[in-house]
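Presented below is the structure to which this report refers.
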Amino acid sequence: MVQKFVRGVRALFRRRQHDGELDEELRDFVEQKTAAKMNAGLSRTEALREAHREMGSMESVKENVRAAGWETTLEKLWQDVRYGVRMLHKNPGFTAVAVLTLALGIGANSAIFSVVNAVLLRPLPFRDSGRLCLVMESLPSFPQLGPSYENYQDFRDQSKSFETIAAEHPQPVTMTGRGDPQRLAGQFVSASMFPLLRVNALEGHTFTEDEDRFGGPQVVLLSYGFWHRSFGGERSIVGKNITIDDVSYTVTGILPPRFQIISPADVYLPFAPWAHALPDDRNWHPGINAIGRLRDGVTIDQARAEMSTIAERLVKQYPIYDTGMGVVVVGLQDRLVQNVRPALLVLLGAVALVLLIACGNIANLLLARAASRHKEIAVRAALGAGHWRMVRQLLTESVLLALVGAAFGLLLARLIMTPLLDLAGNTIPKMGNIGLDGGVLGFTLVVALLAGILFGLAPALQMAKVDMRPALSDASRGSTAGAGRHRMRNILVVTEVALAIMLLVGAGLLIRSFSRLQDVQPGFQPSNLLVVDLPVSPKVYAQSAQRMGFFDQLLERARNLPGVTSAGGALILPVTGSGSAIHFNIQGRPPKTPHDYILVGYRPVTPGYLQTLRVPLLQGRLLNDSDTERNVYVVVVNETMAKQYFPGQSALGKHVQLGALPENQVPWMEIVGIVGDMKQSLASEAPSEMYVPCRQADSLIPIFTMSLVMRTARDPDTEVPALRSVVKDLNANQPLVNIRTMQENIATSVSDSHFRTVLLGIFAASALLLSLIGLYGLIAYSVAERTSEIGVRLALGAQRDDILRMVIGQGLKLVLIGVVVGLAGALALSRLLKQFLYGVVPNDPATFVGVALILTAVAVVACWIPARRAMKVDPMVALRYE
Amino acid sequence: MFFFMGGEPTELVQGTLDMLILKTLALQPMHGYGIAMRIEQISNGVFQVNPGSLFPAFRRLERAGWLDTEWRATENNRRAKYYILTERGRRQLKSETREWSRQIAAIARILEAS
């Protein structure tokens, strides 16, 4: 094999020498043959003629000899490429249209694939990242959640399946002392995390076990990006101090570029000091991400089995806390992408369909061109080109076309990458770089080759099948040319229409679902609300009175601003998709079994908050300034909670208590009011919620962050400077985080739905446009081809309206078949969208019918244009032309 | 990478020609015309070897490493390309001959049986 290859390559470069030798050898052969004939008594001329006759064409022999080596295949390919380039160059119009169509189709595929590649396919940037797992708890009310600190420690210490289990907790922090206070993404990370991930510090060192303990030195690691942004990449920062949450930390190291654990962070702080402050409660789930690395030779199923045993043991050991607790072990990457995977795959499928339609169009163009290339092909066939040789030549041409299209497509993908990622916003986990890397280039190349063969094969087979006699004689007019070609073009158009219908139905469902989502009443008036998050320093505001005093002053000043009508604050805003649920119990109804624990959305709010949002009061009263920790503890509940826990009776006057089991030292809270439901997420029903006056709530669980909400008289954005100065006056070191309007807040909550709806909409629109172009092309071409036939019909007395009807009817027949096939396909595929739909069923009749009608209507227009041309055929001109 | 090339029908069953060339060269190195003549003579003119198949076969066998080539002077002092059987070619000839005899014997049995 190797020898063959080497000889082939040598032959490729010593072509001239080889040919010369072959010539000589053949001449010698003829010479000897002639000599032999002369010996037999022929004259030299006769002998020579005889010898040549017996030998046949010298050129053909040479060709055969060359064909015996593989290198000739390369030479022929090169010939085909050169010929293909000439052909494409000779038809600039065709080439431009085809390249443009392909560039759009392939470019869109490359762009979407680069996201899929970066998010779903590329492994996490850690060594052996496939061995990394996320270890979570499962509880009866939560299928998956980060473990409590105590359980995490037991998992870590008892499991043998993992090298170790490291922990991480993300929490925003504030850096002061360097210009304006800066809000940073912080993460508390156990020292074991870095060796677990096999990551070393770029500068300095990662945490030591001694640094990761309560009372240890105050140290911090910086992310590469933050280091460059805030310290200009200055190495001397290592060993210096920075102030975070009013505590001075020593920078011990810089992490490598693009390092991130689950979510990006600017600064990393040791885990143990943070965990030390947690309440001593196995049932307290503060949001810990526990990451384990499987030991060599241990499978994830073995790890699962072991962790289940540990969980059972813990449940027996701590029955009150760990009731119903189980352990979930999932691959880290699987877990990170599980929310985006379905949407990305649907988008990739959709964009592939668009490319398929584009291929259909180009195949159609090629078939139409086949007619004009008939002669060229026939001549080549007559000169001895074999059938396969010709198919190869034509395929080379289309693959060439696809490759040029792909090159432009990559340019296009580069251009649309930024807007695409902007549109995606935070709906895609930013794992590493999303861009056109080697993987994307390879994918694009493969897609281009496949596309080239796909759209080129059928036309090539058709064209190469030419019967050369009628083609060479001038009598060949289109009228009889290839019924097979017509059938194929019809099938192509039907397929395109069917694919377009499927995409349109998908997009239609998402659009309807999205508009339903927009119509959802959030339960309050979202217009003219300005929102800002105010995380206060746990050091400066260590005492409850200090925190509450700050919030009171802030609210008072905010309310006094001229453009502000009312203001309030809450720990958690509505329509953010997040929330905090807490165990509670009802007076006189203690849980009978440990499984009776009940949960409620826990919403500490300031007086004036519910009024500012304009939530309707249904019964009782709202909270007011006298609901402080010194007075009777009260709560306002939402309608869902009142109905869920006090059906058929009034909830007013009932008492509830935080905590799963009644405890004497925890105050009972009286329900004093019932308000309408507010949505926590537009797409789901409102959860049961209780609103606790923040001063009372803070005495139970300290509150270190508050979202301030102001109702403004005019455009909320105009109040931003006033808001800033109010906060600055109170505390110059207080950061204002994420100033936005409530409506922006709501838009963010549906941004993933927005992302896929917009993209699928664009793909469906392109599909519609492409299939219409295909249909138009087919009808226009067929009208041109049938000009003389139409002329005859008119001459024989057909009415012009008949012609119009005939042409439109021809197109409409194809469209209707396509619509039916497409609707059937959509019916089968729309289930895939089920999880993305809100308020619309996957086989929503209105969408299906609507899409079918729209497509048919525009298809009629696409047929009507060429049909009008057919109607205007002058029979005299048409017949004379014949 | 490799496509079917088409090509003219050979007078001999594909593969047989290769075997005959190898057999001819087993005696001594020879040039193209000599090989063609020899096959014709020995087969009593049953096999007419056409250069259109002969030279491609040379190329094929050479590529397979069964033949070597050398330019030598002929008996009438002209330059000609001589084909030489290599050691691998010899082995190939042996195995092909064995296989051929086996097939012939089998076919003969079938014909006799009827």
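Annotations for the structure displayed:
- Figure legend. Inter-residue proximity from the range B:95-110: first residues in contact (Cβ under 8 Å) with a residue 12 or more places away in the chain, second residues of a type in the set (S, T, N, Q), beta-carbon distance below 9 Å, spacing 6+ or different chains. Indicated pairs: B:Trp100/B:Thr16.
Quick grid of which residues meet (1) touching a residue at least 60 places away in the same chain (Cβ under 8 Å); (2) more than 40 Å from the chain's Cα centre (by Cα); (3) closer than 27 Å to A:Asp281 by Cα; (4) part of a strand (DSSP E or B):
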position: A:Leu530; (1), (2), (3), (4): yes, no, no, yes
position: A:Ala542; (1), (2), (3), (4): no, yes, yes, no
position: A:Ala545; (1), (2), (3), (4): no, yes, yes, no
position: A:Leu599; (1), (2), (3), (4): yes, no, yes, yes
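- Of all residues making up the range B:28-56, the number that are surrounded by 14 or more Cβ atoms within 10 Å (Cβ to Cβ), at pLDDT below 80 and away from chain A (no Cβ under 13 Å): 1
- Taking first residues from the range A:21-33 that are more than 7 Å from chain B (Cβ to nearest Cβ) and under 21 Å from A:Glu50 (Cβ atoms) and partners that are among the basic types (Lys, Arg) and not in a helix (DSSP H, G or I), the Cβ contacts under 9 Å between residues at least 6 apart in sequence or on separate chains come to A:Glu31/B:Arg78.
- The range A:674-700 - residue that is surrounded by fewer than 20 Cβ atoms within 10 Å (Cβ to Cβ) and more than 39 Å from the chain's Cα centre (by Cα) and, of those, farthest from A:Gly601 (Cα to Cα): A:Ser699
- Unmet criterion (only one of (1) without any contact (Cβ under 8 Å) to a residue 60 or more places away in the chain; (2) surrounded by 15 or more Cβ atoms within 10 Å (Cβ to Cβ); (3) of a type in the set (Lys, Arg)) for A:Arg589: (2)
- The range B:59-87, residues that are within 10 Å of chain A (Cβ to nearest Cβ) and among the basic types (Lys, Arg): B:Arg59, B:Arg60, B:Arg63, B:Arg78, B:Arg79, B:Lys81
- Pick from the range A:397-428, criterion among the β-branched types (Val, Ile, Thr) and over 16 Å from A:Leu102 (Cα atoms), ranking: surrounded by the fewest Cβ atoms within 10 Å (Cβ to Cβ): A:Thr418
- Positions within the range A:106-126 being more than 13 Å from the chain's Cα centre (by Cα) and at pLDDT below 90, in sequence order: A:Arg122, A:Pro123, A:Leu124, A:Pro125, A:Phe126
- Candidates A:Ile762, A:Ile739 - the one that is within 33 Å of the chain's Cα centre (by Cα), assigned to a helix (DSSP H, G or I) and either surrounded by 19 or more Cβ atoms within 10 Å (Cβ to Cβ) or at pLDDT 85 or above (or both): A:Ile762
- Helices (runs of 4 or more DSSP H) contained in the range A:190-305 and holding at least 2 residues within 23 Å of A:Pro702 (Cα to Cα): A:271-276
- The range A:213-222, subset at pLDDT 95 or above and out of contact with any Asp or Glu (no Cβ under 8 Å at 6 or more places or on another chain), residue farthest from A:Pro270 (Cα to Cα): A:Leu221
- Selection count where residues are touching a helix residue (DSSP H, G or I) at 6+ places or on another chain (Cβ under 6 Å) and free of Cβ contacts under 8 Å to residues at least 12 places away in the same chain, scope the range A:55-104: 5
- Residue within the range B:89-100 that is under 15 Å from B:Ile21 (Cβ atoms) and not in a helix (DSSP H, G or I) present: no
- If you check B:Leu17, B:Leu25 for being under 22 Å from A:Val30 (Cβ atoms), within 14 Å of chain A (Cβ to nearest Cβ), modelled with pLDDT of 80 or more and surrounded by 13 or more Cβ atoms within 10 Å (Cβ to Cβ), only one passes: B:Leu17.
- Residues that are more than 34 Å from the chain's Cα centre (by Cα) and small (Gly, Ala, Ser), drawn from the range A:195-211: A:Gly204
The values are calculated or read from the model by the stated rules, or taken from the named source; none is laboratory data. Keep in mind the model is a prediction, meaning the values are calculated, not measured. Backbone-built Cβ (ideal geometry, glycine too); neighbour counts: all protein chains shown.
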